[in-house]
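Since every read-out is calculated from the coordinates, none of them should be taken as a lab result. These numbers come from a predicted model, not from an experiment. As a convention, Cβ positions derive from the backbone with ideal geometry for all residues, glycine included, and neighbour counts pool all protein chains shown.
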Amino acid sequence: KKMEVEGKEEDKKQQIGTVWKIIKERKEGVNQEYLAANLPAGKFTPQAIAFSLNFLIERGYIGLFTTSTGENVYISRDRTPPALQELSKDQLAVYRVIESAGNNGLWIKSIRGQVHLTNARDLEKILKVLENKKLIRSFKSVVMKNKKLYILAGLEEAEQHKGTVFHNEAKNIDTEFITALSKRCYSFIREQKLASLHDVHEHLEKVRIATVCTRYFFC
């Protein structure tokens, strides 16, 4: 088992190295399509590519830049995109701090602690500038409720922040939906007198009440 774990870790290192090599060799950066087309066929799953990119971003080897057309481009950190060259020293520092967090995101207090800005309002202005330039975006997390987190504009937040199918679009617990689902389950069990978990699952799918939800909950 130890040898198997070590082998998997070595595979990850090789995959990360391959991704980084492709990005470094292209001075204008690479998008997802270019990267996928130039990786060894059959050796990289979408998950492996995403893991490698996030690893390289978090450790500062590469940066993610969103072009004016909305395209995401990964670029070696020793090649600064034009949009970042236009930023002030403080704006770039804030951008880099957010970039280093990868898809986990950071809330304003964490950012402030890392860039050492004494005036909270100055940081708020910088975040607004970066958002207006579409370099970063904010999102809500089910883990850190009531806190706005910031992430690079082209990244999708980590799964832990998204919540489950029992959360609504505002990422709050959807109590109305859960109540309706509970009532439907109770009604079915009462009618049947005796029902297995599989029976309840089949019934919910049959009546087409949140198919995705019931698969998540019962499978």
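Things to note:
- Estimated inter-spin distance, residue 193 and residue 37, nm [label 7 Å along Cα→Cβ]: 6.6
- Solution diffusion estimate, µm²/s, Stokes-Einstein, segment 19-156, Kirkwood Rh from C-alpha pairs, 10 °C, viscosity 1.306 mPa s: 102
- The residue 110 and residue 47 beta-carbon pair, evaluated with R₀ = 25 Å, returns a calculated FRET efficiency of approximately 0.40.
- Efficiency of FRET from Cβ geometry, residue 128 and residue 183, R₀ 35 Å, rounded to 0.05: 0.20
- Pair residue 207, residue 175: separation of 7 Å Cα→Cβ label points (nm): 2.3
- Pairs beyond 27 Å (Cα-Cα), from 21/140; 109/133; 13/89; 24/147: 21/140; 13/89; 24/147
- Theoretical gain in end-to-end length, residue 147 to residue 54 [0.36 nm per residue, Cα-Cα removed]: 31.2 nm
- When only Cα pairs below 8 angstrom with a gap of at least 6 residues are kept, segment 59-134 shows a relative contact order of 24 percent.
- Residue-span extension gain [residue 86 to residue 27] - 0.36 nm each, minus C-alpha spacing: 19.4 nm
- Normalised per residue, the volume of the convex hull around the Cα set of segment 70-131 (Å³): 101
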